[in-house]
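The values are calculated or read from the model by the stated rules, or taken from the named source; none is laboratory data. Note that the structure is a prediction, hence the values are computed from the model and not measured. All Cβ positions, glycine included, derive from the backbone under ideal geometry; neighbour counts span all protein chains shown.
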Amino acid sequence: MTAEALYENLYAKLHGVVPDVELRYKAGLAADIIRRKAEQNAVILGHNYMEPVLFYSVPDYTGDSLELSRRAARTDKDLIIFCGVRFMAETAKILNPTRTVLLPARRAGCSLAESITAADVRRLRQQFPGVPVVTYVNTYADVKAESDICCTSSNAVAVVESLPSGTVMFLPDEYLARNVARETGKHIVFPTRQPVVGDGLLDVQLIGWHGRCEVHEKFTPRDIRDIRAQFPDVAILAHPECSPEVTALADFSGGTNAMIRYVQQTHAPRYLVLTECAMGDNIAAANPDKELLRLCSVRCPHMNEITLEDTLAALTHHRYVIEVPEDIRVRAARALERMIAIG
Ligand code: 13P
Ligand code: SF4
């Protein structure tokens, strides 16, 4: 596709969202990326948090972390370019190890993935022998390798309920764990914050950790009350990485794909989406007939590292290659495949 044709497409979708001069410049970059992608037999996967021009131009598939894991596992392309953060690119490599996986930014971390190490999980296993470990996919490969099963925000409850054990460790997102505890009716403790008395597990059914998403922890119940005072008919959607006090006040809580579907399918007069703000722009562009309120000053600094410039550089210089040591990969793949089997 030519840069001019891409610009026309992007203008039709994003003219109310992105300034014209930026659209023109980025359409040129996107055209180069699409050409190189075809030359190199590559697939581009784009997370829902990618900035609007990237999101609506270069990916072959967009989606949440679960959907993109499935796409990565199935692709027969030689090269996977992951426009997301490092733990997502690692997941692609774990599930499809014969492909080359590139992450366009050197780091692109995640505050949740940084919050726990493999040694922490081993220590917890010693502290709570026999208790199965569920880890959120927002973790690095070595942490997944220490886990029994992974989950994403869209299947966390189903994964916990699939386990025969009454007590489960759910790591590392404190807020997602608290939200899962509420939905499953389980009691929760945090062993690093409060001692578990005796074996302590008699009425404890979920053992959490203290990780937080630096983006979603910023939303507060007060934000919701203020918006509702101004717009009583607003439908409020919150990602389950928000605190349980926030999700309890929202009309809907779900992963990024579920929030996109909710806005498409529900007929509220206006919406407020409490998540990373590029996704708000992407939803607004896809639903021009609906009013989206903005409470958005928070971009994920890690997702924000992925730009069209870096994506072009990734294809040009074959960087940054994601490697996962084979012994870790095999064990992490088991935990991921168990999750994928649940659906
Ligand atoms: P999803 O799994 O809902 O795409 O979320 C990933 C993420 O990083 C949310 O902050
Ligand atoms: Fe991690 Fe939060 Fe960024 Fe998602 S939004 S990648 S959980 S820091």
In the stretch 273-308, anything surrounded by 22 or more Cβ atoms within 10 Å (Cβ to Cβ), more than 25 Å from Leu103 (Cβ to Cβ) and touching an Asp or Glu at 6+ places or on another chain (Cβ under 9 Å) is listed as Leu274
Log entry, pairs with first residue in the stretch 212-224 being over 14 Å from Glu114 (Cβ atoms), second being part of a loop (DSSP other than H, G, I, E, B) and at pLDDT 95 or above, beta carbons closer than 6 Å, six or more apart or on different chains, reads His216/His239; His216/Glu241; His216/Cys242; Phe219/Cys242
Per the filter on the stretch 106-122, residues more than 8 Å from ligand 2 (Cβ to nearest atom), over 16 Å from Glu146 (Cα atoms) and out of contact with any Gly (no Cβ under 9 Å at 6 or more places or on another chain) are Arg106, Arg107
Restricting attention to the stretch 304-311, does a residue exist that is out of contact with any Pro (no Cβ under 9 Å at 6 or more places or on another chain) and closer than 30 Å to Arg225 by Cβ? yes
Filtering the stretch 96-115 down to residues that are touching a strand residue (DSSP E or B) at 6+ places or on another chain (Cβ under 8 Å), in contact (Cβ under 8 Å) with a residue 60 or more places away in the chain and more than 15 Å from ligand 1 (Cβ to nearest atom) yields Thr100, Val101, Leu102, Pro104
Only one of (1) in a loop (DSSP other than H, G, I, E, B); (2) within 13 Å of ligand 1 (Cβ to nearest atom); (3) buried (at least 20 other Cβ atoms within 10 Å of the Cβ); (4) not polar (S, T, N, Q) does not apply to Val324, and that is (2)
*asked:* Kindly evaluate Asp148 against the criterion of being at pLDDT 95 or above, of a type outside the set (A, V, I, L, M) and more than 16 Å from ligand 2 (Cβ to nearest atom).
replied: yes
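Scan the stretch 66-86 for residues that are buried (at least 23 other Cβ atoms within 10 Å of the Cβ) and touching a residue at least 40 places away in the same chain (Cβ under 8 Å) and report the count. Write out each step before concluding.
Kept after step one, since they are buried (at least 23 other Cβ atoms within 10 Å of the Cβ), are these residues of the stretch 66-86: 68-69, 72, 80-85.
Imposing the further condition that a residue be touching a residue at least 40 places away in the same chain (Cβ under 8 Å) reduces the set to 69, 81-85.
Here the count works out to 6.
Which of the following residues is under 19 Å from Ile342 (Cβ atoms), buried (at least 24 other Cβ atoms within 10 Å of the Cβ) and away from ligand 1 (no atom under 11 Å from the Cβ): Ser153, Ser147? Talk me through it step by step, then tell me what you get.
Numbers: Ser153 fails: away from ligand 1 (no atom under 11 Å from the Cβ).
Unique residue meeting the criteria: Ser147.
Quick check, is Arg36 over 25 Å from Ala5 (Cβ atoms), of a type outside the set (A, V, I, L, M, F, W, C) and either within 13 Å of ligand 1 (Cβ to nearest atom) or not in a strand (DSSP E or B) (or both)?
No, not satisfied.
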Scanning the stretch 68-91 residue by residue, the ones that are part of a helix (DSSP H, G or I) and either within 15 Å of ligand 2 (Cβ to nearest atom) or hydroxyl-bearing (Ser, Thr, Tyr) (or both) total 8
Reported set for the stretch 218-233 where residues are buried (at least 18 other Cβ atoms within 10 Å of the Cβ) and either within 16 Å of ligand 1 (Cβ to nearest atom) or more than 19 Å from Glu276 (Cβ to Cβ) (or both) is Phe219
Filtering the stretch 231-267 for residues that are outside any loop (DSSP other than H, G, I, E, B), in contact with a strand residue (DSSP E or B) (Cβ under 9 Å, 6 or more places away or on another chain) and without any contact (Cβ under 8 Å) to a residue 40 or more places away in the chain leaves a count of 10
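A quick yes/no check of all residues on (1) within 16 Å of ligand 2 (Cβ to nearest atom); (2) in contact with a helix residue (DSSP H, G or I) (Cβ under 7 Å, 6 or more places away or on another chain):
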| site | (1), (2) |
| --- | --- |
| Val246 | yes, yes |
| Phe252 | no, yes |
| Ala258 | yes, no |
| Gln264 | no, no |
| Ala268 | no, no |
| Thr275 | yes, yes |
| Gly280 | yes, no |
| Ala284 | no, no |
Exactly one of Leu45, Leu29 is at pLDDT 95 or above, surrounded by fewer than 24 Cβ atoms within 10 Å (Cβ to Cβ) and hydrophobic (A, V, I, L, M, F, W, C), and that one is Leu29
Here the qualifying pairs (Cβ atoms under 6 Å; residues six or more apart or on different chains; first in the stretch 154-176 and under 20 Å from Leu68 (Cα atoms) and touching a residue at least 24 places away in the same chain (Cβ under 8 Å); second part of a strand (DSSP E or B) and within 14 Å of ligand 1 (Cβ to nearest atom)) come out as Val159/Cys151
